[in-house]
1. Filter the range 58-72 for residues that are surrounded by 10 or more Cβ atoms within 10 Å (Cβ to Cβ) and within 25 Å of the chain's Cα centre (by Cα) and give the result.
2. In the range 18-30, is there at least one residue being part of a helix (DSSP H, G or I) and out of contact with any Ser or Thr (no Cβ under 7 Å at 6 or more places or on another chain)?
3. Identify, please: which residue in the range 1-26 is within 23 Å of the chain's Cα centre (by Cα) and touching a residue at least 12 places away in the same chain (Cβ under 8 Å) and is, among those, surrounded by the fewest Cβ atoms within 10 Å (Cβ to Cβ)?
4. So which residues in the range 14-35 are modelled with pLDDT under 95 and in contact with a Gly (Cβ under 9 Å, 6 or more places away or on another chain), if there are any at all?
5. If ILE47 satisfies every condition in (1) on the phi > 0 side of the Ramachandran plot; (2) surrounded by 10 or more Cβ atoms within 10 Å (Cβ to Cβ); (3) not small (Gly, Ala, Ser) but one, which is the exception?
Amino acid sequence: MLSTEEARTQLPGIAREFANGHHRAVQFGPYRVPQAAIVPIEWAELIEDLLLAEHLRNRIATDNGVRYTPEQVAAEIGIDYSELVSNTHELNKIAAQISQASENQSPET
C-alpha cells in the first residue's frame, strides 16, 4: 500500500517490474488509504473483458426482442435521418478530396 506520492515516484520501477513479468496490484491513495490500483495491462484487459461480459449478460437477460431501425432512432431524438445521411455523404466526399489533395502535394525540399 503506497501513498499517492510514493506511487508517483515509484511508477517507473513498477512499470519495469511489470515488463519483467512480476505481476502484482499496487494499491495507493492519499495517506495510504486505498483509492486506486496500478495493475499490469493483462489484468486491466481481463477486468475490462469481465465487466463487458457482465454488461452483456444483463443486456441479454433484459432484452425484450424489440429492434429499431436507424430511421426510428433518429425520429425519436428529433433528427431528420435523410438529412443526416446526406450530410454524411457530403462530409465523406470532402474528406476524400482533402486526402487526395494531400497525397498529390509534393514534399518541400
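1. Scanning the range 58-72 gives ASN58, PRO70.
2. yes
3. By that ranking, first place goes to ALA25.
4. If the condition is that a residue be modelled with pLDDT under 95 and in contact with a Gly (Cβ under 9 Å, 6 or more places away or on another chain), then no residue fits.
5. (1)
Table: residues versus (1) of a type outside the set (Val, Ile, Thr); (2) more than 23 Å from the chain's Cα centre (by Cα); (3) farther than 29 Å from MET1 by Cβ.
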position: PRO34; (1), (2), (3): yes, yes, no
position: ALA37; (1), (2), (3): yes, no, no
position: GLU45; (1), (2), (3): yes, no, no
position: ALA74; (1), (2), (3): yes, yes, yes
position: ILE77; (1), (2), (3): no, yes, yes
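The values are calculated or read from the model by the stated rules, or taken from the named source; none is laboratory data. Everything numeric in this text was worked out from a predicted model, so none of it was measured. Reconstructed Cβ throughout: ideal geometry from the backbone, glycine too, with neighbour counts over all protein chains shown.
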